[in-house]
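Visitor: Quick one: this structure, given as structure tokens, is what I'll be asking you about.
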Amino acid sequence: MGNIRKLLNLFSQKERKQLVIMTFLILIMAMLEVVGVGAIGPFMTVAADPSVIQSNDLLSRVYTALGIEDVRYFIAAMGIVFFVIIFSTNAFTTVVMFFLHRWTNMRSYTLGRRLMSQYLYQPYSYFLDHNTSELSKNILAEVQQVLSQAIRPGMELLARGMVAAAILVFLFVSAPLVALVVVVVLGGTYFLVFGLVRSKLTRIGKLIRLYNKERFKYSGEAFGAIKDVKILGKELMFEEQFAWSSKRFARQQANRQIITTLPRYIIEAIALGLVILLVVALTVSGGKMSEIIPLVSIYAYAGFRLMPALRILFKNAGTIRTSGPIIQALYDDIHNNADEVEDSRIAAERLRESAERLPFNKEISLTDINFSYPSSPAPVLRDINISIKKNSTIAFIGSTGCGKTTLVDIILGLLKAQGNIAVDGVAVSEKNIRNWQLNFGYVPQQIFLADDTVTRNIAFGVKSEDIDFEAVKQAAKIAHLDNFIVNDMPDRYDTLVGERGVRLSGGQRQRIGIARALYHDPSVLVLDEATSALDNTTEAAVMDAINELMGEKTIIMIAHRLTTVENADVIYMLNKGSITASGSFEKLMKNSDEFRNMAKVK
């Protein structure tokens with residue numbers, strides 16, 4: 001029941017209301033099933049002994065009212081009525097099952113979107129502790145597994161359970177003792193078997209999730225680093241790793257299928273034995289065939305409708321049991337920081353409607369900035385106090401781990417630190433952080449390029465119908481990319497760049513990254529070691545494009561090579577999270593031994 005409650009909590013209020021309506025329709029379907037089971041008794045009674053028409057008051061009145069002279073025509077009419085009842089029941093069941101399957105399968109859309117939204121609106125720090133390939137797996141694979149192993153079986157369990165319950169109630173009313181034997185024997189067998197395997201099913205569910213996670217991990221690593229795999233000749237290693245987890249995943253899937261299906265054959269044999277026992281008992285007790293045939297017919301037809309329901313009940317109960325770990329994972333992820341995520345989503349929607357930047361005309365002030373990552377108590381930044389003037393160029397330098405990137409992430413509003421950030425005297429807070437971020441263009445060291453056209457990679461995240469091609473072209477010109485696109489690319493701006501830009505050189509990818517950062521004409525351009533992976537010649541060409549922007553935009557750089565920061569207005573040296581020196585290139589060369597040593601090394 002715990003899994004069922006968590007599963008229901010994955011649905012929205014609207015979806016739960018729809019589920020209530022579906023439950024009501026299923027209840028009607030169950031009642032119609034009972035009518036069908038009940039109708040066969042009178043029909044078989046009359047067919048076995050037509051004289052019952054005269055002895056039964058109700059049948060006699062119906063017979064007289066219809067004015068039928070031949071009892072054979074009356075039996076035929078009863079047969080037609082019975083057929084219409086069964087046909088109508090099946091037709092209604094078909095309609096209900098159509099809506100049931102439609103509702104069930106639409107949950108893959110709503111759950112996937114809800115999970116995607118939940119991840120996207122998490123704070124940036126969330127992604128520092130979570131593997132993005134696992135998040136993708138949850139959205140693309142585990143949502144489907146919840147659908148196939150929990151939601152669909154759960155809905156079938158609801159439908160078949162109500163049908164089974166309705167038929168059993170009818171059987172209790174018709175023949176309490178026989179129905180009691182059926183419930184005790186068949187129900188007891190099911191509960192006994194399920195009790196024996198429930199812990200096994202839970203363990204299988206955990207293993208299925210574990211091995212599925214490993215399958216995605218190994219395949220993602222292999223294809224994500226395919227160049228390294230090829231150069232190092234590690235194809236076999238990744239193949240074997242994937243095969244190991246994939247084989248065990250398949251085995252556990254098979255184990256689940258076997259455990260949830262095997263009792264079917266035991267129950268069917270027991271059910272057949274009960275019918276034979278019923279016939280023998282009635283015959284031995286001296287019952288007339290005219291009494292035995294209708295009763296056996298009722299139980300045979302009830303069994304025909306009941307057995308699939310019981311079989312599905314057991315199988316789906318077992319399947320839901322194995323899906324517990326997946327349901328728990330999605331439940332935790334969807335409800336993780338739910339209120340904060342919803343606030344962030346609403347803010348993003350409001351921002352899309354207004355799209356107003358936080359005004360920046362004078363300076364950015366960082367006062368008493370301190371920061372530690374939740375996973376590490378040691379402070380990463382200590383007492384940072386700096387001021388960044390409008391249209392100035394500043395640079396952060398220092399050894400790896402000194403806090404440069406963390407400080408820039410705080411300026412970008414990706415990380416929340418102790419202290420204050422103010423823009424023209426206005427404090428940056430949760431209320432205006434999105435508006436502040438509209439001022440930025442960001443160029444990382446490794447540029448992500450989608451397997452799409454140059455245009456769509458520059459206007460990244462913009463709908464096709466909303467792309468401003470003139471802005472794309474202008475950004476490409478500023479990044480010194482337009483001539484290459486027009487003269488050397490086969491389809492110019494419509495040229496496909498390949499997955500992660502594999503058809504482009506490092507310098508070309510970096511220029512596309514710069515053009516992307518400039519597409520929205522930001523007031524602040526952030527370069528996070530944007531040229532560190534380039535050779536000296538390519539770096540010089542890229543820096544030419546950046547240098548032309550100095551004085552026109554506020555530029556914040558993180559750099560390893562001091563040649564890229566020679567023209568910066570202010571250079572801040574960081575060491576163990578603190579600013580140890582600052583000034584222009586010439587000033588630091590004159591006054592800082594540490595800076596001069598870095599210059600010699602570089």
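Visitor: Within segment 383-401, which residues are under 41 Å from the mean Cα position of the chain (by Cα) and surrounded by fewer than 16 Cβ atoms within 10 Å (Cβ to Cβ)?
Guide: Result: 383, 399, 400, 401.
Visitor: Mind checking which residues of segment 181-224 are at pLDDT below 75, of a type in the set (A, V, I, L, M) and open to solvent by 40 Å² or more (accessible area, probe 1.4 Å)?
Guide: Passing the criteria: 181, 183, 184, 185, 192, 196.
Visitor: Are any residues in segment 78-87 loosely packed, with under 15 Cβ neighbours inside 10 Å and touching a helix residue (DSSP H, G or I) at 6+ places or on another chain (Cβ under 7 Å), and if so, which ones? Show your work before the answer.
Guide: Going residue by residue through segment 78-87, those that are loosely packed, with under 15 Cβ neighbours inside 10 Å are 79-81, 83-84, 87.
Within segment 78-87, just 79 meets the criteria.
Each row is one residue, and each column tells you yes or no for (1) of a type in the set (Asp, Glu); (2) farther than 30 Å from residue 331 by Cα; (3) without any contact (Cβ under 8 Å) to a residue 12 or more places away in the chain.
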site: 89; (1), (2), (3): no, yes, no
site: 96; (1), (2), (3): no, no, no
site: 125; (1), (2), (3): no, no, no
site: 130; (1), (2), (3): no, no, yes
site: 137; (1), (2), (3): no, no, no
site: 148; (1), (2), (3): no, no, yes
site: 151; (1), (2), (3): no, no, no
site: 162; (1), (2), (3): no, no, no
site: 170; (1), (2), (3): no, yes, no
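Visitor: Hey, another quick one. Any residue in segment 235-252 that's part of a helix (DSSP H, G or I) and at pLDDT 85 or above: show its pairings with residues that are among the β-branched types (Val, Ile, Thr) and open to solvent by 60 Å² or more (accessible area, probe 1.4 Å) at Cβ separation under 9 Å, as long as the two are six or more apart or on different chains.
Guide: Matching pairs, first to second residue: none at all.
Visitor: Within segment 381-413, can you find the residues that are at pLDDT below 85 and closer than 22 Å to residue 130 by Cβ?
Guide: If the condition is that a residue be at pLDDT below 85 and closer than 22 Å to residue 130 by Cβ, then 401 is the only one that fits.
Visitor: Being under 30 Å from the mean Cα position of the chain (by Cα) and at positive phi is the filter here, so list the residues in segment 402-418 that pass it.
Guide: Residue satisfying the conditions is 413 alone.
Visitor: Moving on to the next point. If you go through segment 475-484, how many residues are in contact (Cβ under 8 Å) with a residue 12 or more places away in the chain, open to solvent by 40 Å² or more (accessible area, probe 1.4 Å) and more than 21 Å from residue 529 (Cβ to Cβ)?
Guide: From segment 475-484, those in contact (Cβ under 8 Å) with a residue 12 or more places away in the chain are 475-476, 478-481, 484; that's our starting set.
With the extra rule that they be open to solvent by 40 Å² or more (accessible area, probe 1.4 Å), the set shrinks to 478, 480, 484.
Subset that is more than 21 Å from residue 529 (Cβ to Cβ): 484.
So the answer is 1.
Visitor: Which count do you get for residues in segment 402-426 that are assigned to a helix (DSSP H, G or I) and open to solvent by less than 50 Å² (accessible area, probe 1.4 Å)?
Guide: Total satisfying the criteria: 7.
Visitor: For residue 113, state whether it is in a helix (DSSP H, G or I), charged (D, E, K, R) and in contact with a helix residue (DSSP H, G or I) (Cβ under 7 Å, 6 or more places away or on another chain). Give the steps one after another, and end with the answer.
Guide: Numbers: in a helix (DSSP H, G or I): yes; charged (D, E, K, R): yes; in contact with a helix residue (DSSP H, G or I) (Cβ under 7 Å, 6 or more places away or on another chain): no.
No: the conditions fail for residue 113.
Visitor: Restricting to segment 555-574, and then to whatever is open to solvent by 40 Å² or more (accessible area, probe 1.4 Å) and at pLDDT below 85, can you tell me which residue is nearest to residue 412 (Cα to Cα)?
Guide: Step one: filter segment 555-574 for residues open to solvent by 40 Å² or more (accessible area, probe 1.4 Å), giving 560-561, 563, 566-567, 569-570.
With the extra rule that they be at pLDDT below 85, the set shrinks to 560-561, 563, 566-567.
Numbers: 560: 20, 561: 23, 563: 25, 566: 24, 567: 23 Å.
Per the criteria, the residue is 560.
Visitor: Any idea how many residues of segment 104-156 are surrounded by fewer than 19 Cβ atoms within 10 Å (Cβ to Cβ) and touching a Gly at 6+ places or on another chain (Cβ under 6 Å)?
Guide: Final tally of qualifying residues: 1.
Visitor: Moving on. Please pick out the residue among 491, 521, 528 that is open to solvent by 10 Å² or more (accessible area, probe 1.4 Å) and at positive phi.
Guide: Details: 491 fails: at positive phi; 528 fails: at positive phi.
On inspection, the qualifying residue turns out to be 521.
Visitor: Yes or no: segment 455-477 includes at least one residue that is charged (D, E, K, R) and at positive phi. Walk me through how you get there before you give the answer.
Guide: At the first step, the residues of segment 455-477 found to be charged (D, E, K, R) are 456, 463, 465-466, 468, 470, 473, 477.
Those still in the list that are at positive phi too: none.
No, segment 455-477 contains no residue that is charged (D, E, K, R) and at positive phi.
Visitor: Please tell me if residue 360 is hydrophobic (A, V, I, L, M, F, W, C), modelled with pLDDT of 85 or more and part of a loop (DSSP other than H, G, I, E, B). Let's see the steps before the verdict.
Guide: On the way: hydrophobic (A, V, I, L, M, F, W, C): yes; modelled with pLDDT of 85 or more: yes; part of a loop (DSSP other than H, G, I, E, B): yes.
The answer is yes for residue 360.
Visitor: Whether any residue in segment 437-460 is open to solvent by less than 70 Å² (accessible area, probe 1.4 Å), in a helix (DSSP H, G or I) and in contact with a Gly (Cβ under 6 Å, 6 or more places away or on another chain) is what I want to check.
Guide: The answer is yes, given that some residue of segment 437-460 is open to solvent by less than 70 Å² (accessible area, probe 1.4 Å), in a helix (DSSP H, G or I) and in contact with a Gly (Cβ under 6 Å, 6 or more places away or on another chain).
Visitor: Let me ask another. Step by step: first the residues of segment 582-594, then only those that are among the hydrophobic types (A, V, I, L, M, F, W, C) and in contact with a Lys or Arg (Cβ under 9 Å, 6 or more places away or on another chain), then the one that is least open to solvent (accessible area, probe 1.4 Å). Which residue is that? Steps first, answer last, please.
Guide: Taking segment 582-594 and keeping what is among the hydrophobic types (A, V, I, L, M, F, W, C), we get 585, 588-589.
In the following step, the residues that additionally are in contact with a Lys or Arg (Cβ under 9 Å, 6 or more places away or on another chain) were identified as 588-589.
On the way: 588: 5, 589: 68 Å².
For segment 582-594, the residue satisfying everything is 588.
Visitor: Continuing with this model, one more query. Residue 134: more than 19 Å from residue 320 (Cα to Cα) and of a type in the set (Asp, Glu), yes or no? I'd like the intermediate steps shown before the answer.
Guide: Working: more than 19 Å from residue 320 (Cα to Cα): yes; of a type in the set (Asp, Glu): yes.
So residue 134 passes the test.
The values are calculated or read from the model by the stated rules, or taken from the named source; none is laboratory data. Keep in mind the model is a prediction, meaning the values are calculated, not measured. Here the Cβ is made from the backbone with ideal geometry for all residues, glycine too, and neighbour counts use every protein chain on show. Side chains are part of the model used for accessible areas, which takes the heavy atoms of the whole protein and leaves out ligands, DNA and RNA. Shrake-Rupley method; radii C 1.70, N 1.55, O 1.52, S 1.80 Å.
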